[in-house]
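Single-structure report; data block below.
The values are calculated or read from the model by the stated rules, or taken from the named source; none is laboratory data. It should be emphasised that the depicted structure is a prediction, and the values quoted were computed from it without experimental measurement. Methodologically, a virtual Cβ is constructed for each residue, glycine included, from the backbone with ideal geometry; neighbour enumeration extends over all protein chains shown. All accessible areas refer to the heavy atoms of the entire protein, side chains included, with ligands and DNA or RNA removed. Shrake-Rupley method; radii C 1.70, N 1.55, O 1.52, S 1.80 Å.
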Amino acid sequence: MSAVTGVLDVAWARTWVQAAAVAVADAKDELTELDRQIGDADHGFNMDRGFQAAAAKVVDAPAETVGDVLKLVAMTLMSTVGGAAGPLYGTAFLRAAKVTTAPELGPDDVVALLEAALEGVVARGKAAVGEKTMVDAWTPAAAAAASARDAGADAVGVLEAALRAAEEGAASTVPLLATKGRASYLGERSQGHLDPGARSTVVLLAAALEAARA
């Protein structure tokens, strides 16, 4: 369980987006290389463009709830991120915004946020665990978050559990055979590579935790 006790508020949501922009920029080349191996080689560039735009918008935009911030992120990603990532992450943040209509989030709310984001990704991408997509990171993250909450973790502890599970989930995509998206065109050649969407999921959740600890 985290040693930090408390809730996550609008300031945290803004800081998360700004931390995500920095983290995605730092990971841009890595994400691009991962996508070059099994995709269009544009995931890093697209994610960087989207989160730079989102970070700029959340600074001064009025927001009374965490959901207000997440909705702005969703709209920005949908309008600026190309490829599959824009609709997928945009829908994830939009679904998350709908269940975070409060000024502050506790453990239950963080779990709801993650579960809603997962539902958004699944609804948009029509993917399931084991198909070598970001679902392989989001699914264990949401499950671990719920388990941590049930064990008495605070909001930050819930995020810690989610990040650890997402990292493991992302790593699990390496041996998988891709059956969704452009990577599926490669058949057996898709095996042996880390899914870029799963990796960017880890980057975003790590930024959320960093912002919470800050």
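Against the conditions (1) open to solvent by less than 10 Å² (accessible area, probe 1.4 Å); (2) closer than 14 Å to residue 39 by Cα; (3) of a type outside the set (Ser, Thr, Tyr), residue 207 satisfies every one except (2). Among the residues that make up segment 165-173, is at least one of them farther than 18 Å from residue 16 by Cβ and of a type in the set (Val, Ile, Thr)? Yes, that holds for at least one residue.
Do you know which of the residues in segment 143-158 that are free of Cβ contacts under 8 Å to residues at least 60 places away in the same chain and buried (at least 21 other Cβ atoms within 10 Å of the Cβ) is nearest to residue 208 (Cα to Cα)? Within segment 143-158, the match that is nearest to residue 208 (Cα to Cα) is 158. Check whether at least one residue in segment 141-149 is of a type in the set (Lys, Arg) and at pLDDT below 95, and report yes or no. Looking through segment 141-149, none of the residues is of a type in the set (Lys, Arg) and at pLDDT below 95. Taken over segment 119-139, the criterion of being assigned to a loop (DSSP other than H, G, I, E, B) and polar (S, T, N, Q) is satisfied by 133 alone. Which ones in segment 159-182 are at pLDDT below 95, open to solvent by 10 Å² or more (accessible area, probe 1.4 Å) and either touching a Lys or Arg at 6+ places or on another chain (Cβ under 8 Å) or part of a helix (DSSP H, G or I) (or both)? Correct list: 176, 177, 179, 180, 182. Against the conditions (1) assigned to a loop (DSSP other than H, G, I, E, B); (2) in contact with a strand residue (DSSP E or B) (Cβ under 8 Å, 6 or more places away or on another chain), residue 194 satisfies every one except (2).
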